[in-house]
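Enquirer: The structure is given below, and queries will be raised subsequently.
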Amino acid sequence: MAPLTPLLLRYLVVILIPLFLFSSSASAWKKDEFRNCNQTPFCKCARTRTPHSLPRLIVSDLLISDGHLTAHLQPSLSSEDDVSAGDTPHPRPLVLRLSVYQDGILRLKIDEDYSAPSAPSKQRFEVPDVVLPDFEDRRLWLPRVSSTEDGSISSLYLSDGFEVVLRHDPFEIQVRRKRSNDPIISLNSHGLFEFEQLREKKEGEDWEERFRGHTDTRPHGPQSISFDVSFHGAEFVYGIPEHASTSLALRATRGPGVDHSEPYRLFNLDVFEYLHDSPFGLYGSIPFMLSHGLKGSAGFFWLNAAEMQIDVLAPGWDDSAAAGNDRIDTFWMSEAGIVDTFFFVGPGPKDVLQQYASVTGTLAMPQEFAIAYHQCRWNYRDEEDVATVDAGFDEHDIPYDVLWLDIEHTDGKRYFTWDRVLFPNPEEMQKKLAAKGRHMVTIVDPHIKRDDSYYVHKEATDKGYYVKDATGKDFDGWCWSGSSSYPDTLNPEVREWWAEKFSLKNYGGSTPSLYIWNDMNEPSVFNGPEISMPRDALHFGGVEHRELHNVYGLYFHMATADGLLKRGNGKDRPFVLSRAFFAGSQRHGAIWTGDNSADWDQLRSSVPMILTLGLTGISFSGADVGGFFGNPEPELLVRWYQLAAYYPFFRAHAHHDTKRREPWLFGERRTALIREAIHIRYSLLPYYYSLFRKASISGIPIMRPLWLEFPEDKKTFDNSEAFMIGEGILVQGIYEEGQKSVSVYLPGEQSWYNMRNGAAYSGGQTHKLEVFEDSIPSFQKAGSIVPRKYRFRRSTTQMANDPYTLVIALNSSLAAEGELYIDDGKSYDFEQGAYIHRRFVFSNGKLTSSTIHSASLREKKFSSSCTVERIILLGLPSGAKKAVIEPGNHETEIEPGPLTLRGGASSVALVIRKPNVRIADDWTIKVL
Ligand SMILES: *[C@@H]1O[C@H](CO)[C@@H](O)[C@H](O)[C@H]1NC(C)=O
């Protein structure tokens, strides 16, 4: 009985804190907790401004310096303006800088002129550590600027076929196609650019802002920035996560036909029970938007970590002739910071993603176990519970790779500690999992319990490593651990210190198979304004929290990932899941969509949310299977597993108050269905791992909107229900209870093979299909080859030596191609060439396997004795009887067989059994 009392106490604390915070009802989004645009002065004011109502901005003093173009920017002072300006001081000119980078990237920076005589003493915050360190190496040296004769316009070379046009009066930037002069993206075409310069406080002026009993002292006064950006030739815009939405394309937030919508808000918040469709901000922010249409794609990124609000404007918002202008106008507002913006010319959507990736980086290649199935719950109670759940997977023949422990595993929410009653032998527990090739993840949040006997708190206090409040004392807020302070991870020294906490020596009870989860890093502060940190809190170098709020979570994530890297002396790839994120978070680990709910609409919105993350650089993401809050009906849970098996990050998770929902708790039939869903993911791991590798090189996401693969097919542009995995697989979710049929649009001219039964469907058409209980519709594209592994083990680690199956879907020219990437799944040796990368091509009745070399850098080698045990051919006219394997001139049978090993599947495929060629070797197999 002994453990019961502390358990009960813990339970009460957990229950009571949320009740106290979210008072009355426990089941609704608390809209009033969060500011809307009208309650946010910079947003309210900017949003009411009409086009060209501000004094005209004029560009002067153009100069090419150091290969950049610099100029001054200031409002025109017509005699009329002079009068109305009254006693407002003459504004200092702003400094504008244009730089051009390889592959069609323009960077525009606008900031105060700190060298001016009346310059502000405080520097505005410029976000460090997000732009890749080597980005500057890609800058093109601007030799000169060519201006028109009357001096009204200057233009710059941007890349082949593209140029930048800078209009001087009024100021406007236009990126356009050179030959046709067609604009692609422009800034300030509507004269909405405004930059509130830092200034002295006037007599009697009140800079404070109040919201729900919180006062923001705003010691530096108003400093917001806003401007309009137009995407020309665009039919849709996408991006700017994170918002919950059932639509991938961003809907208009203002203008004709839009009633009282909020702008899209980018402000990292811990939102309790978020809605499935809302422009309000969630846990992470990426101020990157991309446009797409038949004329091509373009992108725009504003590197700014303060609160941002973005309007997508409906045609006619500016009272111009409404319809038919193939252009999407947007309006960007930020509370602070500087203008540091990047324009990407495309012209294809993948070009835009690669251009964005060249600025903010690509995803860090994860270990293989991390892309398999994860089992999580708040909370697995104790070691016995862990052992029982672990054994449950084996008993029910369901593979899984990682078991997660939420906050209750700690000693009183002191991270890096264990509740020694519930978890007396954490090392042994982890070793038992590791013996089956499994891993464990524990949670480590940024709120540090203010307890003098807690070493982390003591060190942070002594070293002055916490974020400070506006008065300069350690900021003290309320979170899971009660009274808490937050490490100031903006400071590199603090990150260093934080990283050390993860060493095996410092983190008692940890083993090399333990990985980490960062939650609540928006940061969440239960008693703070909007459940976060006050904006006037102070960080390293006097930076105000308002200036970096959206990047706080990234720094914490970064420091944690560095900790795991150091723990293994840089040998093993870290795994850290984070809830908060910013542009560049992809370099530090995975992201999930936070505390969703167990309902069908949230299942539906998970797809556009994950697709949007992928488009904005974060390829490794997923949503909690089953929904975090509430109890999913078994049918919903099964459908969720069937969909989530395709998410890049695949984890089940559930709230403390929900019923247990391990896969085998819903009867034999449902256990079988969930097992099948998880098996599909495990069978596709070779394909997924190859796609992760590709994403880590190119920035092209794993899970993709259809239009990324079919950019010229208009019917795909607004599809939010189906998605591609790589180039070869299309998946359609089932988002309704009891759904009997579904319409699936299959793009392209080639056909598609149903992965359930091998049936062929023609492309470029919508097919109405019967919906089955055992799977959601998925299709392999004709012309693709997908490598799979069909033997089921307990975990990925145990699959390493298993043989492969190649599934070849032939197109009308009886051809197909695909790739396979393999390495040790764990270390960084692949960076020195220790990998196998194969290309498979089927044409003229012959399958060829050849290596994709990077001839350079082969300091280390990776070898594999894996073989191919089966080749499945879809779309080959029957009649083929045997196959000849070279080298060796060895013959093997071809026979009809099922597409998958699922019982009862129709057999329309031909199977080459046991070719037994080695995956690492060159060979050909000729079909006779
Ligand atoms: C068939 O697929 C091959 C390989 O992907 C490709 O090169 C070829 O153009 C495709 N043919 C047709 C008709 O789509």
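Enquirer: Of all residues being more than 16 Å from the ligand (Cβ to nearest atom) and either polar (S, T, N, Q) or touching a helix residue (DSSP H, G or I) at 6+ places or on another chain (Cβ under 9 Å) (or both) in the stretch 826-855, which is farthest from P787 (Cα to Cα)? Just the residue, please.
Expert: Applying the filter and picking the extreme gives Q832.
Enquirer: Here is a further query. Answer yes or no as to whether Y735 is buried (at least 21 other Cβ atoms within 10 Å of the Cβ), touching a Leu at 6+ places or on another chain (Cβ under 9 Å) and assigned to a loop (DSSP other than H, G, I, E, B).
Expert: Considered against the rule, which asks whether it is buried (at least 21 other Cβ atoms within 10 Å of the Cβ), touching a Leu at 6+ places or on another chain (Cβ under 9 Å) and assigned to a loop (DSSP other than H, G, I, E, B), Y735 comes out as yes.
Enquirer: Next question, about the same structure. Just one of R144, R199 is more than 36 Å from the chain's Cα centre (by Cα), part of a loop (DSSP other than H, G, I, E, B), surrounded by 14 or more Cβ atoms within 10 Å (Cβ to Cβ) and of a type in the set (K, R); which is it?
Expert: Exactly one residue qualifies, and that residue is R199.
Enquirer: For the stretch 619-640, indicate whether the set of residues that are under 19 Å from I697 (Cα atoms), part of a loop (DSSP other than H, G, I, E, B) and outside the structural domain of Y828 (by TED's automatic domain parsing) is non-empty. Outline the logic, then answer.
Expert: Initially, the stretch 619-640 is screened for residues under 19 Å from I697 (Cα atoms), giving 619-621.
Restricting the remaining residues to those that are part of a loop (DSSP other than H, G, I, E, B) gives 619-620.
With the extra rule that they be outside the structural domain of Y828 (by TED's automatic domain parsing), the set shrinks to 619-620.
Yes, the stretch 619-640 has at least one match.
Enquirer: Now for a different question. Being at pLDDT 90 or above and either more than 28 Å from R756 (Cβ to Cβ) or not aliphatic (A, V, I, L, M) (or both), is that true of even one residue in the stretch 893-904?
Expert: yes
Enquirer: A follow-up question, please. Scan the stretch 775-785 for residues that are assigned to a loop (DSSP other than H, G, I, E, B) and of a type in the set (A, V, I, L, M, F, W, C) and report the count.
Expert: Residues meeting the conditions: 2.
Enquirer: Here are some residues: L538, L564. Which one is of a type in the set (A, V, I, L, M) and under 27 Å from D216 (Cβ atoms)?
Expert: L538
Enquirer: Keeping to the stretch 792-825, report how many residues are over 13 Å from L684 (Cβ atoms) and away from the ligand (no atom under 16 Å from the Cβ).
Expert: Counting residues in the stretch 792-825 that are over 13 Å from L684 (Cβ atoms) and away from the ligand (no atom under 16 Å from the Cβ) gives 14.
Enquirer: Suppose we keep only residues that are within 21 Å of the chain's Cα centre (by Cα) and more than 21 Å from V807 (Cα to Cα) within the stretch 721-737. Which one would you say is nearest to the ligand (Cβ to nearest atom)?
Expert: Among them, the one singled out is A722.
Enquirer: Considering (1) crowded, with 23+ Cβ neighbours inside 10 Å; (2) closer than 20 Å to E819 by Cβ, say which one I697 fails and leave the rest.
Expert: (1)
Enquirer: While we're on this one: Looking for something assigned to a loop (DSSP other than H, G, I, E, B), in contact with a helix residue (DSSP H, G or I) (Cβ under 6 Å, 6 or more places away or on another chain), assigned by TED's automatic domain parsing to the domain that holds K44 and among the charged types (D, E, K, R) - is there at least one such residue anywhere in the stretch 266-285?
Expert: yes
Enquirer: Anything in the stretch 395-428 that is farther than 26 Å from C479 by Cβ and out of contact with any Gly (no Cβ under 9 Å at 6 or more places or on another chain)? List them, or say none.
Expert: The initial filter retains those residues of the stretch 395-428 that are farther than 26 Å from C479 by Cβ, namely 395-401, 424-425, 427-428.
Passing the criteria: E395, H396, D397, P399, Y400, P424, E428.
Residues are listed down the side, and each one gets a yes or a no for (1) within 25 Å of L685 (Cα to Cα); (2) assigned to a loop (DSSP other than H, G, I, E, B); (3) away from the ligand (no atom under 16 Å from the Cβ):
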site: W707; (1), (2), (3): yes, no, yes
site: P711; (1), (2), (3): no, yes, yes
site: N719; (1), (2), (3): no, yes, yes
site: Q739; (1), (2), (3): no, yes, yes
site: E749; (1), (2), (3): no, yes, no
site: G758; (1), (2), (3): yes, yes, yes
site: E773; (1), (2), (3): yes, yes, yes
site: P787; (1), (2), (3): yes, no, no
site: Y790; (1), (2), (3): yes, yes, yes
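Enquirer: Continuing with the same structure: Please verify whether the stretch 648-665 includes one or more residues that are more than 19 Å from the chain's Cα centre (by Cα) and without any contact (Cβ under 8 Å) to a residue 12 or more places away in the chain.
Expert: Yes.
Enquirer: Need a quick list: strands (runs of 3 or more DSSP E) entirely within the stretch 802-844 having at least 2 residues that are of a type in the set (A, V, I, L, M) and closer than 16 Å to Y688 by Cα.
Expert: It comes to 804-809, 816-822.
Enquirer: Can you name every residue in the stretch 543-575 that is in contact (Cβ under 8 Å) with a residue 12 or more places away in the chain and outside any helix (DSSP H, G or I)?
Expert: Correct list: V543, E544, G568, G570, K571, D572, R573, P574, F575.
Enquirer: Also, quick follow-up: H190: closer than 18 Å to G281 by Cβ and modelled with pLDDT of 95 or more, yes or no? I'd like the intermediate steps shown before the answer.
Expert: Values: closer than 18 Å to G281 by Cβ: no; modelled with pLDDT of 95 or more: yes.
So H190 does not fit the description; no.
Enquirer: While we're on this one: Would you check if there is a residue in the stretch 357-380 being assigned to a loop (DSSP other than H, G, I, E, B) and of a type in the set (D, E, K, R)?
Expert: Yes, the stretch 357-380 contains a residue that is assigned to a loop (DSSP other than H, G, I, E, B) and of a type in the set (D, E, K, R).
Enquirer: Let me ask something additional. Does the stretch 192-207 contain any residue that is in contact with a Pro (Cβ under 8 Å, 6 or more places away or on another chain), over 17 Å from G337 (Cα atoms) and not assigned by TED's automatic domain parsing to the domain that holds F344?
Expert: Looking through the stretch 192-207, at least one residue is in contact with a Pro (Cβ under 8 Å, 6 or more places away or on another chain), over 17 Å from G337 (Cα atoms) and not assigned by TED's automatic domain parsing to the domain that holds F344.
Enquirer: Ok, one more. Which condition from (1) aliphatic (A, V, I, L, M); (2) surrounded by fewer than 24 Cβ atoms within 10 Å (Cβ to Cβ); (3) in contact with a strand residue (DSSP E or B) (Cβ under 7 Å, 6 or more places away or on another chain) is the one that A306 breaks?
Expert: (2)
Enquirer: Hey, another quick one. Suppose the filter is buried (at least 24 other Cβ atoms within 10 Å of the Cβ), under 21 Å from N268 (Cβ atoms) and in contact with a strand residue (DSSP E or B) (Cβ under 6 Å, 6 or more places away or on another chain); does D340 pass it? Talk me through it step by step, then tell me what you get.
Expert: Working: buried (at least 24 other Cβ atoms within 10 Å of the Cβ): no; under 21 Å from N268 (Cβ atoms): yes; in contact with a strand residue (DSSP E or B) (Cβ under 6 Å, 6 or more places away or on another chain): yes.
Against the criterion (buried (at least 24 other Cβ atoms within 10 Å of the Cβ), under 21 Å from N268 (Cβ atoms) and in contact with a strand residue (DSSP E or B) (Cβ under 6 Å, 6 or more places away or on another chain)), D340 does not qualify.
Enquirer: Take the residues in the stretch 245-260 that are of a type outside the set (A, V, I, L, M, F, W, C) and under 13 Å from L313 (Cα atoms); name whichever of them is modelled with the lowest pLDDT.
Expert: Looking only at the stretch 245-260, we keep the residues that are of a type outside the set (A, V, I, L, M, F, W, C), and these are 245-247, 251, 253-257, 259-260.
Filter again for under 13 Å from L313 (Cα atoms), leaving 251, 253-257, 259-260.
On the way: R251: 96, T253: 97, R254: 96, G255: 94, P256: 93, G257: 93, D259: 87, H260: 80.
Once the filter is applied, the top-ranked residue is H260.
Enquirer: Conditions: (1) on the phi < 0 side of the Ramachandran plot; (2) touching a strand residue (DSSP E or B) at 6+ places or on another chain (Cβ under 8 Å). G783 meets all but one. Number of the miss?
Expert: (1)
Enquirer: So the check is Cβ under 9 Å with 6+ separation or different chains; which pairs have a first residue in the stretch 731-750 that's more than 13 Å from F772 (Cα to Cα) and in contact (Cβ under 8 Å) with a residue 12 or more places away in the chain and a second one that's basic (K, R) and within 16 Å of the ligand (Cβ to nearest atom)?
Expert: Pairs that qualify, where the first residue is more than 13 Å from F772 (Cα to Cα) and in contact (Cβ under 8 Å) with a residue 12 or more places away in the chain and the partner is basic (K, R) and within 16 Å of the ligand (Cβ to nearest atom), are L746/K781; G748/K781; Q750/K781.
The values are calculated or read from the model by the stated rules, or taken from the named source; none is laboratory data. These numbers were taken from a predicted model, which means no experiment stands behind them. All Cβ positions, even for glycine, are placed from backbone atoms using ideal geometry, and neighbour counts span all protein chains on display.
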